[in-house]
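Read the structure below first, then the notes.
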Amino acid sequence: MTSTALVSAAGTAPAVRRRGEPDILTASGTRLSASAARKLIESVPENSRNAREVRWRSYSQWCDDYGWETAEGNAVVSYLSDLGDRGHPSKTLETHFGTVRAMRAVQGTPIADAEIKACLAIIRHRAGEEADDPLVEPGPLQADGVDLDELRLMVRTLDRTTVRGKRDAATMIIDWWMAGRASEPARLNLHDVKITTVKVEDATGAKTPRLALIIKIRRSKADQGARGQEVRILAQDDQEICPVHAAQEWLDVLADDGQLTPGPFLRRIDRHGNIGAKAAGRHTKDPRRRGGITADTVNAIIKTAAQAAELTPAPTPAERAAAAAAQQAAYEAASVAKTAEEANAIIKAWRTAKRAARAAVRRITGHSMRRGCIQALLDAGNPPEVVALHSRHSPRSAAFDAYRKKKLSWAQNPTATLGLAA
């Protein structure tokens, strides 16, 4: 068949019959192809989609319970006020407001400007309540940063003579040095991680060869356009926590198993030691990453090692039972309260006590590696703009500013200059 056979005599392209799923009708009444709709949905990270769905369901359920329409005026401000009355922090109110506001706009029932101002006032009021509450520390509960000494302790809980120990060590060490989000090491492909030799200028000006790790991050939370970012990490003298050494150990495992093949860099391991797609159990939804780990796996590796290193407490069965009993008792008492105000006060007291208990102990999660690396690089005297480039932040990012320790060192403390310090 020649190329001209694909063009009609009039020179116009022939009509192509559309196949597959039927078009869908949007909230505004316009049509959209099923393919486009699916891609629009998938353009938002799955975790974000799930969180938004949970928040919208919460709002919809509240409206059903209290006799409001989801598009009714002042429904959102009343919902946020009720969340605050039940002890949810101001940050929770902010995220729920953002989700509901976006969903209402998509549905063609945007929130009125006056109600938006009222919602913001409710959020500020709740933030003021938190600041004045003597029973709990204000602000969001954030993961604590893991410093290098703690990273070393966590790595030492692993048996690095085993396949699993080498993978878990590579996961934690590389995640720390790249200041990674838990999803980032999990999404790495084999060809995204490259060990190379570079020339680095020393104190005398001479250039000496040094091993380095070059990591290609194809897409991340801050790079939804998938432009791609490169993270460069030099080898460290301390082999125990050296990212290059950890990466090479894991690559050797894959080579010995015949798995230096295209696919995820960090791969699943079952209890029999089978690696990647050969491992038993539940695999990822994406068939292209069937043998890979997920962000949940990265979180689990970090939390388990932190507890094994005794950096965080492991709740005992008795403590878990007591927490569940306290929750049940609070909701039972609220269910028989005479007024909604009394019920909300009971739930708020329980939630405040729970939050205070959580704030009293260290919290090490998948985000602790990112926070710890950023803080360590800043504490070492690196300019913030350099650290922000390494962590893939904008230097003016509010998120980056939150990682910084806004405290002067004791050597810089201005009260020492008065000459009265002991």
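The values are calculated or read from the model by the stated rules, or taken from the named source; none is laboratory data. Every value quoted in this text rests on a predicted model; they were computed, and no experiment measured them. Because the Cβ atoms are built from the backbone with ideal geometry, glycine has one as well, and the counts that use them run over all protein chains shown. Side chains included, ligands, DNA and RNA excluded: accessible areas come from the protein's heavy atoms. Shrake-Rupley method; radii C 1.70, N 1.55, O 1.52, S 1.80 Å.
Here are the numbers for the structure shown:
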| quantity | calculated |
| --- | --- |
| For region 146-211, alpha-carbon Rg relative to the globular expectation (2.2 N^0.38 Å, N residues) | 1.39 |
| Relative contact order of region 88-145, pairs being alpha-carbon contacts under 8 Å that are 6 or more residues apart, as % | 43 percent |
| Principal axis dimensions, largest first and in whole angstrom, of the chain by Cα | 97, 73, 50 |
| Environment charge of residue 163, counting only residues whose C-beta is closer than 13 Å and scoring Lys/Arg +1, Asp/Glu -1 | +1 |
| With every protein chain in place, region 55-194: carbon and sulfur % of accessible area (1.4 Å) | 51 percent |
| Label point distance in nm, residue 310-residue 331, each placed 7 Å from Cα along Cα→Cβ | 3.7 nm |
| Region 242-333, Rg to Rh (Cα coordinates; Rh as Kirkwood inverse mean 1/r) | 1.16 |
| Distance between modelled label sites at residue 65 and residue 216, nm, 7 Å Cα→Cβ extension | 4.9 nm |
| For region 188-197, 3J(HN,Hα) per residue [Karplus equation, 6.51 cos²θ - 1.76 cosθ + 1.60, θ = phi - 60°, Hz, x = Gly/Pro] | 5, 9, 4, 7, 7, 10, 10, 9, 9, 10 |
| Label-to-label distance, nm, for residues given as residue 26 and residue 107 (7 Å Cα→Cβ offset) | 1.8 nm |
| Relative compactness, region 265-384, computed as alpha-carbon Rg over 2.2 N^0.38 Å | 1.55 |
| Per-residue ³J(HN,Hα) for region 338-351, Karplus 6.51 cos²θ - 1.76 cosθ + 1.60, θ = phi - 60°, Hz, x for Gly and Pro | 6, 10, 5, 4, 5, 4, 5, 5, 5, 5, 5, 5, 5, 5 |
| Positive minus negative residues near residue 232 (Lys, Arg vs Asp, Glu; Cβ under 14 Å) | +3 |
| Taking the chain and dividing mean pair separation by its residue count, relative contact order in percent (alpha carbons under 8 Å, at least six apart) | 17 percent |
| Length released on extending from residue 360 to residue 399, taking residue separation times 0.36 nm less the Cα-Cα span | 11.7 nm |
| Region 83-99 - phi-based ³J(HN,Hα) in whole Hz, Karplus 6.51/-1.76/1.60, Gly and Pro as x | 4, x, 5, 8, x, 6, x, 4, 5, 5, 4, 4, 5, 5, 4, x, 5 |
| Debye intensity ratio in log₁₀ form over the Cα atoms of region 248-298, taken at each q of 0.17, 0.31 Å⁻¹ | -0.46, -1.36 |
| Mean ellipticity per residue at 222 nm, deg cm²/dmol - from DSSP H runs of n ≥ 4 across the chain, formula -39500 (n - 2.57) | -15000 deg cm²/dmol |
| Compactness relative to 2.2 N^0.38 Å, alpha carbon Rg of region 94-194 | 1.73 |
| Formal net charge of residues neighbouring residue 340 (Cβ-Cβ distance under 14 Å; K, R +1; D, E -1) | -2 |
| Average accessible surface area per residue within the chain, 1.4 Å rolling probe, Å² | 60 Å² |
| Segments 148-157, 170-179, 361-370, 321-330 sorted - mean Cβ within 10 Å per residue, highest first | 170-179, 361-370, 148-157, 321-330 |
| Scattering profile of region 283-337 at q = 0.13, 0.26, 0.27 Å⁻¹ [log10 I(q)/I(0), Debye over alpha-carbon scatterers] | -0.63, -0.96, -0.98 |
| Fully extended contour minus Cα-Cα distance, from residue 42 to residue 162, at 0.36 nm per residue | 39.5 nm |
